[in-house]
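Reading through the structure tokens given below for one structure.
The values are calculated or read from the model by the stated rules, or taken from the named source; none is laboratory data. Keep in mind it's a predicted model, so treat the numbers as computed, not measured. Here Cβ is always computed from backbone atoms with ideal geometry, including for glycine, and neighbour counts include all displayed protein chains.
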Amino acid sequence: MSTIQHQELFSLLHQGVSKAEKRGTSVLVSQVLSVAAVDPLSFYAAGSFTNENDRTFWSDPENDTTIVGQGCVKQFEAQIDRFRSIESDWQTFLEQAIIEGAPSRPGVGPVLLGGFSFDPTAPDSGEWDSFPKGGMVLPELMLTSAGNHAWLTLNAIVSAGDNVEVISEALLDKHDRLFEKLTSHAYADVDAISIEEIRPQEWKETVRSAAANIRNGHLDKVVLAREIKLQSTQNFSSTQTLTNLKKQQSDSYVFAFEYGDKCFLGASPERLVKRDGQQVYSTCLAGSIQRGESKEMDDELGQALLHDQKNRIEHDLVVQMIRSAMEEECEFVQVPSRPEILKTPHIQHLFTPVVARAGRETSLFRMVERLHPTPALGGYPQKEAVNEIKRIEKLDRGWYAGPVGWVDYQGNGEFAVAIRSGLLKGEEATLYAGCGIVGDSDPDSEYEETKMKFKPMLTALGGKKYD
């Protein structure tokens, strides 16, 4: 960083301290710099040398926005009324902020990154002890990459009487240490020496029981998840896993969130909601089938999925719910009359895009609250399905199947549904997968579907073949 930029940062911090003295409150100082193109994965990897375990990573399928956070200057957490509480705290926090150099582009400048657990009222097993029920962080240093353009955001919170020189030097020192490490980092893929199935027969009985409840008219659909445990001879690397996911699942949202000694990461094909100015987008994704070994077989399987009654019922429930939520919050909601096929490397899905225009009161956090969980992640009706999951599912989902994403200081942002994901801790990993249960669901078929959905993460981790 040049001396002029150093002086600019010093001046901004000094302005922040003066403002804090006048207002009697702490002040966010945020400086944005246009930088040469930086490999986001290298920037993420460089953070491993700081040993702070507080990195974040986000990229979308179009590579339109990749955001990597290092360090944390402020956490926003909430247990109750999670979405509105964090939104209110974030807006209040920004009122006195000094933001310099930020372009109007979404995802640049002060940005929160994080997520929410699937169900904050579910029993807590301790597996997710370091992850809040709702938590988003403001990184200390953040890289935003879009095509050949990149921006670095430096964030600091100052109070009356703070030593500007000390804060400035500490921030610049961390910047320099990170950029010194921006080299290619080679990591060897690990072999999962064991893959432990967690009560597979009991899970199948749960599916059978849920299908019977649906046939008896208690609800229309419920999504049941299960987990597998992996044990390796060496630590799983979140950097290498992200690198593999970016290569192998390029048409998915790739994300990682570190809390303490654990990292939750994955590659999800499913957008929950996105806001870019006045445009709002959502995705209906439900109904799955495997990929074919040839193009002809692949197309045949896709057509079979399009005409499969069970999967179409599942998909239509999602479309109805998302359309209703969007119409409550937005204007001019557009929904195609028929689904398409979305092909990912291991799975084909029924897919319906939804587009709308934001109203004057439209809020991204409120949209997330209304949409989560969609019938593709919880079931339908929503309340009854979540209660059924809580009653019969022997699993602590934590952030699995919850909303993960980002929101910037202008109210733009994007959240995906955290599926095709896993929780890493040293030599251990827990992977999660689920499937929608309706009245005619077959436990063995649903079990095979979850095996198919484990493959993206297993492959990225370097795990053994899972057939």
*Would you mind finding the one in TYR409, TYR380, TYR432, TYR447 that is among the hydroxyl-bearing types (Ser, Thr, Tyr) and either within 28 Å of ASP261 (Cα to Cα) or not assigned by TED's automatic domain parsing to the domain that holds ARG323 (or both)?*
TYR432
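Matching residues to (1) in the same structural domain as PHE118 (by TED's automatic domain parsing); (2) surrounded by 20 or more Cβ atoms within 10 Å (Cβ to Cβ); (3) modelled with pLDDT under 90; (4) assigned to a helix (DSSP H, G or I):
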site	(1), (2), (3), (4)
GLY217	no, no, no, no
ARG226	no, yes, no, no
LYS229	no, no, no, no
LYS247	no, no, no, yes
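To keep it simple, each residue is scored yes or no on (1) in contact (Cβ under 8 Å) with a residue 12 or more places away in the chain; (2) surrounded by fewer than 23 Cβ atoms within 10 Å (Cβ to Cβ); (3) within 26 Å of PHE365 (Cα to Cα).
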| site | (1), (2), (3) |
| --- | --- |
| ILE99 | yes, yes, yes |
| PRO110 | yes, no, yes |
| SER125 | yes, yes, no |
| VAL190 | yes, yes, no |
*Report yes if LEU371 is in contact with a Leu (Cβ under 6 Å, 6 or more places away or on another chain), within 30 Å of ILE198 (Cβ to Cβ), not aromatic (Phe, Trp, Tyr) and not assigned by TED's automatic domain parsing to the domain that holds SER85, otherwise no.*
yes
*Residues VAL38, VAL68: which one is aliphatic (A, V, I, L, M), modelled with pLDDT under 90, closer than 23 Å to LYS247 by Cβ and surrounded by 14 or more Cβ atoms within 10 Å (Cβ to Cβ)?*
VAL38
*basic (Lys, Arg), out of contact with any Cys (no Cβ under 6 Å at 6 or more places or on another chain) and part of a strand (DSSP E or B) - does that describe any residue in the range 250-270?*
yes
*Could you tell me whether the range 406-423 includes any residue that is under 18 Å from the mean Cα position of the chain (by Cα), among the hydroxyl-bearing types (Ser, Thr, Tyr) and more than 23 Å from THR283 (Cβ to Cβ)?*
no
*Only one of (1) touching a Ser or Thr at 6+ places or on another chain (Cβ under 7 Å); (2) outside any loop (DSSP other than H, G, I, E, B); (3) more than 23 Å from MET321 (Cα to Cα) is not met by ASP396, so which one is it?*
(2)
*Working carefully through the options VAL354, VAL438, find the one that is among the aliphatic types (A, V, I, L, M) and either over 18 Å from ALA210 (Cα atoms) or surrounded by fewer than 19 Cβ atoms within 10 Å (Cβ to Cβ) (or both).*
VAL354
*Would you check if ILE322 is out of contact with any Asp or Glu (no Cβ under 9 Å at 6 or more places or on another chain) and buried (at least 20 other Cβ atoms within 10 Å of the Cβ)?*
yes
*Within the range 38-51, is even one residue free of Cβ contacts under 8 Å to residues at least 24 places away in the same chain and in a loop (DSSP other than H, G, I, E, B)?*
yes
*Filter result for SER145 (assigned by TED's automatic domain parsing to the domain that holds SER104, hydroxyl-bearing (Ser, Thr, Tyr) and within 30 Å of HIS315 (Cα to Cα))*: no
_Cβ-Cβ distance below 7 Å, separation of 6 or more or different chains: which pairs start in the range 132-155 with a residue that is closer than 16 Å to TYR409 by Cβ and end on one that is among the basic types (Lys, Arg) and in a strand (DSSP E or B)?_
LEU138/LYS74
*Tally, over the range 71-97, of residues that are crowded, with 21+ Cβ neighbours inside 10 Å and free of Cβ contacts under 8 Å to residues at least 24 places away in the same chain*: 0
*May I ask you to list the residues in the range 400-434 that are farther than 21 Å from GLY69 by Cα and part of a strand (DSSP E or B)?*
GLU428, ALA429, THR430, LEU431, TYR432, ALA433, GLY434
_Filter pass, LEU154 being over 28 Å from GLU369 (Cα atoms) and surrounded by 23 or more Cβ atoms within 10 Å (Cβ to Cβ)_ = yes
*Among residues belonging to the range 346-382 that are among the β-branched types (Val, Ile, Thr) and part of a loop (DSSP other than H, G, I, E, B), point out the one that is nearest to GLU448 (Cα to Cα).*
THR374
*asked:* Of all residues being free of Cβ contacts under 8 Å to residues at least 40 places away in the same chain, outside any helix (DSSP H, G or I) and under 15 Å from PRO345 (Cα atoms) in the range 286-320, which is farthest from the chain's Cα centre (by Cα)? Just the residue, please.
replied: SER294
*Please state which of the following conditions ALA211 fails to meet, knowing it meets all the rest: (1) in contact with an Asp or Glu (Cβ under 6 Å, 6 or more places away or on another chain); (2) closer than 27 Å to LEU306 by Cα.*
(1)
